[in-house]
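A short worksheet on the structure shown next.
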Amino acid sequence: MNEDSTYTDLLIQYLDGELSGEELESFEKKLAESEVLRGELENLALAKQAVRRYGLKNEISLIHGEMIEDMKTKTLPRSPVRKMIFQYAFRVAAILIVLIGLSAVYQYLTVTPDKLFTENFHVFDLHETRGATGTNIENAYKKDDMEAVLLEFRQLKNPQAGDFFLAGNAFLTTHQPAKAVEAFDSVRQINQSHKTHIFEEDAEYYLALSYLANKEPARAYPIFEKIHADAAHPYNKEVSAWFLRKVNRLQER
């Protein structure tokens, strides 16, 4: 057994309160002298919490029982088997915690407006939630012909809230975020002046995405924050606390 493995065994015993007397005193002295050892202790402690929190301990106990039944012919003592199983579980959990943590930190540090927009933008599905009304702009939208949507939109003399909303999605899809901002903002203004609610919450979410695409996270953040705080908002689940934190980082740069 190598030195690292020996210390890992001692760390597990230390966490389990199995060390005492001179052995405990000697090991605590090593902990005080070694930053690496203290780091491993912290990882194992986190791993132990994870095992308990997510119910892995029960699963390990089942595996332990199966191994005991399978290994009875080998007359292995119970204590070493238990230690081996939990030592392995703690190591795996510790590695997972570190990897997940590093991945999260990397995503947080490398986030950009374009990346965050691309990961979260999906074209609004008119088929699923709005049905067919037969207008030219809606028919073009349902065919996923965004250039035709914009052509129809430009020919409208008096576009309504729904027309602006579909045009906003078309502008986003064709990489024209500044025009998308204007379109979605027009939806909000029309609703406000006419006291209507056509595509109101949809436009709110897509306006915030348009600000991201247009590299204006500071304008997107308060809208996303409002959506996140409103559990009844249809896009609430799209704006998680982690997503909001990344937008906040962008606006603080």
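Observations
- If the chain linking Leu151 and Gln13 were pulled fully straight, counting 0.36 nm for each residue of separation and taking away their Cα-Cα distance, it would gain 42.5 nm.
- Greater than 31 Å apart at Cα, pairs in Lys142/Lys179; Lys157/Lys226; Lys143/Lys215; Lys115/Lys157; Lys115/Lys237: Lys157/Lys226; Lys115/Lys157
- Once the mean of 1/r is taken over each pair of separate Cα atoms and inverted, region 113-252 shows a Kirkwood hydrodynamic radius of 15.2 Å.
- Chymotrypsin sites (Phe, Trp or Tyr not before Pro) restricted to DSSP loop in region 174-220 with at most 10 other C-beta within 10 Å: none
- Three-way shape call for region 178-253 based on the alpha-carbon gyration tensor, with the a/c threshold at 1.5: oblate
- Filtered GluC sites (Glu not before Pro), region 166-212: DSSP coil and at most 16 other beta carbons within 10 Å: none
- Each residue of region 11-26 was assigned a 3J(HN,Hα) from its phi angle through the Karplus expression (A = 6.51, B = -1.76, C = 1.60, θ = phi - 60°), giving 4, 5, 5, 5, 5, 7, x, 8, 8, 7, x, 5, 4, 5, 4, 5 Hz with x at Gly and Pro.
- Once the C-beta distance of Ser240 and Asp185 is scaled by a Förster radius of 22 Å, the resulting FRET efficiency is 0.35 to the nearest 0.05.
- Under 14 Å, Cβ to Cβ, from Ala148 - net charge with Lys/Arg +1 and Asp/Glu -1: -3
- Size of electric dipole in region 113-252: Cβ of Lys, Arg +1 and of Asp, Glu -1, about Cα centre, debye, nearest 20: 260 debye
- Charge sum, other residues only, whose C-beta stays under 9 Å from Ile137's C-beta, Lys/Arg counted +1 and Asp/Glu -1: -3
Every number in this text was worked out from the coordinates using simple rules, so none of it is lab data. Here the structure is a predicted model, which means the values were calculated and not measured. Every residue, glycine among them, receives a Cβ derived from its backbone with ideal geometry; neighbour counts consider all protein chains shown.
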